[in-house]
Structures are given as C-alpha cells and as structure tokens.
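What follows is one structure encoded as structure tokens, with my remarks underneath.
The values are calculated or read from the model by the stated rules, or taken from the named source; none is laboratory data. Everything quoted here is computed from the prediction, not taken from an experiment. In this analysis, Cβ positions are derived from the backbone assuming ideal geometry, glycine residues included, and neighbour counts consider all displayed protein chains. Please note that ligands, DNA and RNA were not included when accessible areas were found on the heavy atoms of the full protein model with its side chains. Shrake-Rupley method; radii C 1.70, N 1.55, O 1.52, S 1.80 Å.
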Amino acid sequence: MPEFCDVAVPVPLDMVFTYRIPAGAIPVIGGRVLVPFRQQRLMGIVVDLHDREPKLTTKKIFNVVDSTPVLDDALLRLGRWIADYYLAPIGEVFRTMLPLTAEFKRVVGYRITEQGHTALHLAGVSGSSARSQRTPDEQAAEFRVLDYVAAASFEADGATNGKGAVQSAALPGAESSQLVRETTLRSATRVSRNILTGMVRKKWLSREDLSSQQDATRTVKVALLKSADGKLNANQQTVIDTLAAAGGKIPVQQLQSLEIPRSALSSLVRRGLIELVEEPADFTLSRAKPRRSPFEFDFNQAQKSALIRLREKVEERRFSGMLLHGVTGSGKTAVYLAGMRSVLESGRSAILLVPEIGLTPAVAADLHQIFGEEVAILHSALSDRERAEQWHRIRRGEARMVVGTRSAVFAPVSDLALVIVDEEHDASYKQEETPRYHARDVAVVRAKMANAVVVLGSATPSLESYFNAKKNKYALVELPDRVERRPLPEVEIVDMRLEFQETGHEQVISRKLASEIQQRLDLKEQVMILLNRRGYSPVVLCRTCGKKLECKNCAIALTHHKREHKMVCHYCGHTAPVPKSCVHCGSEYVYFLGTGSEKLEELLHGMFPQARIARLDRDTVRGHEDFERTLSALNEGELDLVVGTQMIAKGHDIHGVTLVGVVGADVALGLPDFRAAERTFQLLTQVAGRAGRGQSPGKVILQTYFQDHYAVQYAAQHDFVGFYDKELRFRSWMHYPPYSALANVLVRSNNLDDALRWYGTLGKWFNETRHEDVRVLGPAAAPIMRLKRDYRYHFVLKSPSREKLNTTLRAMLTHATQQKIPRTQVIVDVDAIWLM
C-alpha cells in the first residue's frame, strides 16, 4: 500500500496537497478523504497514490470516506481539463462536480482562553483602556461573546448543554472551558463572523473544527395506527379518525397541521395506540402536469431527418457534434426525447441540460411520463440531501436519463451516449463564480472524451456555435417550420417615440398593445407581457440635488419594491427603507422613476380589472414549486395574463397564449457589452415564440424606442441568418468572438487603495511584457465599478489563439502571486459572457 496520497482540497490554490496515509486506511483515486488543512477539516479528492516522501512534514488524513471512487477516470480527466482551460483551482472544480455537501457536516466551535478570561474580567471592572481603539459597538459585541462562552463553561457537564456547548479536551490553563458551536454563538450574541475571527487573532478565543462525515439519507417521521381501543377525548379521536381514513399510516407533519394540540398525539403514543417510525422520504420528480406525449404527434419530414441523423451518429459510438437549429415551436424537444428513448433502449445513458430551473420540472415531467423511474433530476433548487440522493441514484445505475441545469453535465452516468444542451445560447450555462465554466462547452468536451454525441439546440444559436457549424465543426441540422404547419406569429413594432408625440405623455402600455390585450381577453385567450426588469421602480431620484439612492455596497441604484415596502439591491441583496426624503440633501421631492414588473402588474390590474393576472419573476418565484404552480395555472386556463421577466421567455409551451407583448424591448441595447445586440435579438425572438403554439395563430407587439436597430428588425422578421451575417461583420472588424478567444481579468478588493495598487501592478506587467498575438484592453474601471463592497478594475484580453491566451493568463497569475496579490482577488474569466 502506498504511503502517501495527493489530495485536491477545495481551496483557491492551484495545487494539490500531499498527506500521509495512516495504518489501516485504504484511500482510492477518485474517492473522498477527510483531511486537516490549516485550522480546518476539509473533504478532498484523492488524485494520486505514491511513495514519494515530500521534503516537508506531512499531516495524516483523518479518515477515508469512500471505498470506491465517486469520480471515475473520465470525470477526473474532465475536471483536470476544466481546471486547465478555465485556470481554476482543481479542488474547487471537483467540489463543483460533486453535489454531496449534505454528506459533510461542518461543525466549528469556539473556546474561551486565559487571555479571554482576563479580557472579560478587565472589561467588567474598568472597560479596559486597551480596547479603546475599537468602536463601542465592537466592544459590546466582544463582551457579549466572552460572557456567553464563559457562562457555557460552567453549565452542567454533558455532551451538549443548553448553550450549544460541546464537551471536549480542555485547553491548557482553561480546564473547565467548553466548545460552543459557531451557529449557536452567533445566534445568541448577534455577532458577525468577522468579530469572532478578530477575537481568535487576539487569542481571546480558540477556534476548533470538528467537521465530519454524516448520513445524508432523507427520512420522514410517520405515525402508524396500532389500536383504536380505549377512551378518547375529541382531539385524540380526530387523530385516530384521520389515521384510519389514510389507511392507518400518515406523515407526522400532516397530523401536526390539524388544529389540535400536539399533546393529543404524544398522549396516544404513550398509550401505545400510535407508533412513530422513521421511513425513507419520497422524492417528487416533478409536480408539473405531463404534457401530451410528443410521440402522439406525427413527426414532419425535418424532424424525421434530424432524428435519423442523430440515431446514426449515436450508433457509430464516435464523437459527433450537432447543432439543431429550429424555429420556436418546431418540435426540437420531441427530437430530443425520441433520441433519448433510442439511447435507453440500447442500454446506454443520456443527459439533457436546460438553462433555467423553471424549465426543469416541465421537462422532467415529460421524461418521467416516457421513461418512468429511469429519470433523475439535478438542479440547485433541490435541497442538499435531495441532490445527493439523486446523484447516488445515477451512480448506482438506477437512472440513466438525467435532466438538469448546468451542473447536471457532471452527472456520474455510465456508458454515456448522448448529451443534449437545450437553448444552448443561454447565458445561464456560464457559471459566475469559480470555477467559471460554460456548461455547453464542457458538454462538448465530455461527449468527446466519452465518444458520445452532443446536440446543441436553439432557435437563436449563439454566434460561436453557428459559426462552428458553418465551419463544419458541428453538423448543422435545420427545422425551418413549426409543427403541424402552424405559422410563426405576426410581429408588429410600436415606435414609443411616436406614441409619446401623439399622446403627450409617457406610456408603459401603448394604445395598440392595450387594444390587443382586450381583444384576447374577450376571446378567452391568454396573454404574456415581458418586461425584463424586476421591482416597482428601478430608480429613486431627488429632484432637488439630482442624486439617486444607491446601494451602500454597490455602484448600483436601489430598486423600489412596493409590496415588500423596501429598497433592494438586485446584486448583493442589501435592503433599505423606502425614503420619505432625500438621504443626501434632505429634500422631500423624491421621485420614483421607471417601471418594473411589479408596477406593470399593478398597472395591468387597473386597466383590466376582470382579468386573472399573475407575475413571474425572482420576487414571486422563491422555489421551483412556485414556478410550477403558476405555469400549471396558465396551462389549465386559470390565468388570463402573465407578466414577467426573461424567465417567461424560455422554452414554455403554453398553447393558450396567442398574444405576447414586449415592454422595453431595447433596454439591453444600451449596455456597454459587445453581445448586447445578440442578447436583445435572442430575447425578443424567444419571447415571440411563446405566441401561437396552439391551434390559434399568435401575434407579438414589440414596444421600442429604437425600431430601426437591426436586432429589433431581424427579430420582428424571424430572420436569424440575416442577423447572424450582420452581427458577424461587426465582430470580425473588432476581433471579438467567434474570431478570437476572449478573457476578462478582474482585480477586486474592498479596499480601494489595494485595488488600485494591484491593478496598477498588473497593468505595468502587461505593458512591459511581450504577449505574442494577445491584445490587452485596459486597465479600466469595470462598468459596475463597485459590487458587493469590492472595487473592481478589469482587463479584456483577445487572441486568435486560445493556447497563447492561456499561456499569457498563466504568466499573469504567476506574476500576481510573486507580487503577493491574493489569488481570490484576481478573477480570470475565460470565454467571459458578462463584462460588467
């Protein structure tokens, strides 16, 4: 047995760490181990076993978690590719690939030291002049912590006392001190983690990590009816009757929802009439109602041709890429499902990626209808335990059809035959934190490594994918018509400049759109209205001093949310009271400017009081159940009109919708981003595609102030190729993707001086170092200069050679390390989607 193992630990360092293997432990490559790292316990992945003794003293691993690999050779290879391509720490890549955080219980505790007892005594006696450099609030917070932890030391002995203290080996000189859990301590004393960290630095507290592996099995407590004999009061009889009606078995949570005291149940348990047991919890794959099976329809010739081609490529067992370009409503999903059914029948596996959590339940319901229990679902709206459960089902081979958002690309399926990326153009496939991978590109690489077929599908492909298809890197398969010969919706553009001239005031809903909505309501048809802006009013402006109310953490205006009666930052989540006067000058002339989806909903209620209206945005959709509930109501005809942000634009197949209105169709055109026109065209085309998917023809009203912009004009004409040709010319002139590889290097710090110094250091290096075929734009302040308390400056790098770009970025990171710039403060975003 080798003596050492190299472990990839989830920390922001581009290296692995060597640990000694203790006697009796048998780690495996690709398996997890619990290891000490600085003052913490972390779960890492074993990447190598060897007998090469390091020059430095090595620590021992605490314990081996897996006897078999959780990442097989193929997934380990994929993880290494991601780390290399996106310049991401390998440990953080593997952590992202494994949705098993539920199996690791993080327990951190604090213990008072002798110095802490002394500080507490001095504070109690005199306030301690040594503490005078901190604010009174900080002093009070520290005193609360010391007092709480000291008091915990004198509680009655036991495994856990009333203050959340854990008995363990005492520190030298603090024999009676106990460890208090961080969660308990912060909840009781209302202090931040920064306060606790500062107290550890002063040696008033010691911090210990007792994290360990835990069972992540989901269970539910169930009540079983044993007997109904004996005298019962009214509440007890209600419990017995409820159990009997349910067949003698019911979840305790359901019983507790009855309007009776809890003592009724506990009394019945004591008398032996009811028994409480733990049982494995059920998992509901989707609450969405399955749509009519796509196999009940006759495929048109284009669909048949696409399916034949897909099946042929799968049977070859060689890598092949296919771009399925079909207009909205052309039946792409039916082709996907038919291809997946062929894969399942051959005993192999497939993965279907969708861009939004909101699309997952509907697709999962379709797949469950067709494939039964062979389907697993993976997305971030699941709990940690649910994700772990689904992951293990896939790994055991119980589910060979996987549907999910971007992280589902890492599903541990065996014998992968087919990977499908639906709406491949969607920006949500790009992860905005480390590792900053793009799931579409990772899907292509995974398929290539597995000799599988990858299908990229969209009505509005990204320019990069369509460019690759035109260059024969992918096979281009077209679905030019809607199913059952349904026509594409008629699109009418309303010039809001002319609307203002004719009405004399600013309109949110134009006269034309209002008239069309009323017509659809009279005909009992359904309407969708898109406004891609949340909240009630996006800007609060003072008419006296001209300043706007900004987030204290970001260089972004706070948005007014009327229903919640607060101002909200949509980037960091900071909230503030709704101002009655200007916070800058005190003037009472505060003006709420602009319209968000909440205000639009209110306006529509006023215009159409008899209509049943719902809103779909991040404020009304807190989880996948909320989304399913609203879409189900829309499908069942229980709603007349839905207003929402871009989440209503993607992939929904609602046959009753015959009118789509777009308010503020051109908002994104003003952003300082070379992809602004492409995003606008995609959004307009996608939302227009929600109209006329049933038997009745559809219509789209686009309200815009820039009706002559080519993105708006081509979207109105449903002309993707025309837009592609024009946009491609601009990209070629400016050497933007797909004509070059692009990376965004962001330097950030919550200290402005540090941010300026670091970006100056890197700017000097870029200027003084020769970079063959790499063009560097910047340094410059990021368009959003301050975000989540960090000041932000960036460089944009472009190169026709990905290899040379990668070499330059690696050299830059090496220089940053040599200059003591923290790795976490230099963000490298390869193939960046968002440059703000």
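Worth pointing out:
- Counting the residues of region 185-208 that are in a helix (DSSP H, G or I) and either open to solvent by 80 Å² or more (accessible area, probe 1.4 Å) or in contact with a helix residue (DSSP H, G or I) (Cβ under 9 Å, 6 or more places away or on another chain) (or both) gives 12.
- For ARG385: the one exception among (1) of a type in the set (Lys, Arg); (2) surrounded by 24 or more Cβ atoms within 10 Å (Cβ to Cβ); (3) over 30 Å from TYR466 (Cα atoms): (2)
- Residues being part of a helix (DSSP H, G or I) and crowded, with 18+ Cβ neighbours inside 10 Å - total across region 81-118: 15
- Identity of the residue in region 778-808, free of Cβ contacts under 8 Å to residues at least 40 places away in the same chain and of a type in the set (A, V, I, L, M, F, W, C), that ends up farthest from GLU550 (Cα to Cα): ALA780
- Region 651-661, residues that are at negative phi, open to solvent by 20 Å² or more (accessible area, probe 1.4 Å) and either free of Cβ contacts under 8 Å to residues at least 12 places away in the same chain or not acidic (Asp, Glu) (or both): HIS655, GLY656
- When GLN519 is tested against (1) of a type in the set (S, T, N, Q); (2) open to solvent by less than 30 Å² (accessible area, probe 1.4 Å); (3) under 21 Å from LEU639 (Cα atoms), exactly one condition is not met: (2).
- Every condition in (1) closer than 22 Å to MET449 by Cα; (2) part of a helix (DSSP H, G or I); (3) touching a residue at least 12 places away in the same chain (Cβ under 8 Å) holds for SER428 except the one numbered (1).
- Contact annotation: residue pairs with Cβ atoms under 6 Å, 6 or more positions apart or on different chains, pairing a residue in region 471-487 that is of a type outside the set (S, T, N, Q) with a partner that is surrounded by fewer than 16 Cβ atoms within 10 Å (Cβ to Cβ), are PRO487/PRO697.
- Check on VAL477, within 25 Å of TYR714 (Cβ to Cβ), open to solvent by less than 40 Å² (accessible area, probe 1.4 Å) and of a type in the set (Val, Ile, Thr): yes
- The set of residues in region 560-615 that are of a type in the set (A, V, I, L, M, F, W, C), outside any loop (DSSP other than H, G, I, E, B) and more than 16 Å from VAL643 (Cβ to Cβ) comprises MET567, VAL568, ALA576, VAL590, PHE592, LEU593.
- Selection status of GLU53, within 27 Å of ARG181 (Cα to Cα) and acidic (Asp, Glu): no
- Given (1) within 24 Å of ALA611 (Cβ to Cβ); (2) exposed (fewer than 14 other Cβ atoms within 10 Å of the Cβ), number of the condition PRO487 does not satisfy: (1)
- Whenever a residue of region 755-769 is over 11 Å from ARG792 (Cα atoms), its partners that are surrounded by fewer than 15 Cβ atoms within 10 Å (Cβ to Cβ), lying with C-beta atoms within less than 8 angstrom and at least six residues away or across chains, give the pairs THR761/GLN819; THR769/ALA811.
- Across region 581-604, a minimum of one residue is classified as under 21 Å from LEU531 (Cα atoms), small (Gly, Ala, Ser), open to solvent by 30 Å² or more (accessible area, probe 1.4 Å) and touching a residue at least 24 places away in the same chain (Cβ under 8 Å).
- Selection status of GLY44, open to solvent by less than 60 Å² (accessible area, probe 1.4 Å), at pLDDT 90 or above and in contact with a Phe, Trp or Tyr (Cβ under 9 Å, 6 or more places away or on another chain): yes
- The one condition in (1) under 18 Å from ASP522 (Cα atoms); (2) open to solvent by 10 Å² or more (accessible area, probe 1.4 Å); (3) modelled with pLDDT under 90 that PRO672 fails to fulfil: (1)
- When region 119-158 is filtered for residues that are open to solvent by less than 30 Å² (accessible area, probe 1.4 Å), assigned to a helix (DSSP H, G or I) and modelled with pLDDT under 80, the ones remaining, listed by number, are ALA123, ARG131, ALA152.
- Selection over region 401-421 of residues that are surrounded by 24 or more Cβ atoms within 10 Å (Cβ to Cβ) and charged (D, E, K, R) gives a count of 1.
- Matching residues, region 269-322, being open to solvent by less than 90 Å² (accessible area, probe 1.4 Å), at pLDDT below 70 and touching a helix residue (DSSP H, G or I) at 6+ places or on another chain (Cβ under 9 Å): PHE283, LEU285, SER286, ALA288, PRO290, ARG291, SER293, PRO294, PHE295, PHE297
- Among the residues of region 795-832, those that are over 17 Å from THR434 (Cα atoms), open to solvent by less than 20 Å² (accessible area, probe 1.4 Å) and either in a helix (DSSP H, G or I) or not basic (Lys, Arg) (or both) comprise PHE795, VAL796, LEU797, SER799, LEU805, THR808, MET812, ALA816, ILE821.
- Residue among GLY637, GLY694, GLY664 that alone is open to solvent by less than 10 Å² (accessible area, probe 1.4 Å) and outside any helix (DSSP H, G or I): GLY694
Let's see how each residue does on (1) modelled with pLDDT of 95 or more; (2) touching a strand residue (DSSP E or B) at 6+ places or on another chain (Cβ under 6 Å); (3) on the phi > 0 side of the Ramachandran plot:
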| position | (1), (2), (3) |
| --- | --- |
| TRP758 | yes, yes, no |
| LEU762 | yes, no, no |
| ASN767 | no, no, no |
| HIS771 | no, no, no |
| GLY778 | no, yes, yes |
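- If the condition is being among the basic types (Lys, Arg) and either touching a Ser or Thr at 6+ places or on another chain (Cβ under 7 Å) or not in a helix (DSSP H, G or I) (or both), then region 697-743 contributes only LYS699.
- Only one of HIS718, HIS709 that is touching a residue at least 40 places away in the same chain (Cβ under 8 Å), closer than 17 Å to GLU423 by Cα and open to solvent by 40 Å² or more (accessible area, probe 1.4 Å): HIS718
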